[in-house]
Amino acid sequence: MDIAAMSMALSQGQLSQQVSLSLMKQVMDQAEGNADFINKMMSPHAVKALELKAQPHLGGNIDIKG
């Protein structure tokens, strides 16, 4: 193999590695954003608000007649 072909192969390998790393960073950033969103949605306040929206008629009245 001549030097020009080896240089091209090395250059293509480096480009492939850079693209892979860039894509992995984007995926990791997306996963971090998803985790932050899930943590925020699982807070007690958010869960209560979601329960109230799903079943607004529950928990509003107490029957104290015996």
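The values are calculated or read from the model by the stated rules, or taken from the named source; none is laboratory data. No experiment lies behind these values; they were computed from the predicted model shown. Here the Cβ is made from the backbone with ideal geometry for all residues, glycine too, and neighbour counts use every protein chain on show.
A quick yes/no check of all residues on (1) small (G, A, S); (2) free of Cβ contacts under 8 Å to residues at least 12 places away in the same chain; (3) loosely packed, with under 10 Cβ neighbours inside 10 Å:
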{"residue": "S11", "(1), (2), (3)": "yes, yes, no"}
{"residue": "A35", "(1), (2), (3)": "yes, yes, no"}
{"residue": "M41", "(1), (2), (3)": "no, yes, no"}
{"residue": "H45", "(1), (2), (3)": "no, yes, yes"}
{"residue": "L52", "(1), (2), (3)": "no, yes, no"}
{"residue": "P56", "(1), (2), (3)": "no, yes, yes"}
{"residue": "G59", "(1), (2), (3)": "yes, yes, no"}
Which of the following residues is modelled with pLDDT of 90 or more, more than 21 Å from the chain's Cα centre (by Cα) and hydrophobic (A, V, I, L, M, F, W, C): M24, M8, M28? M8
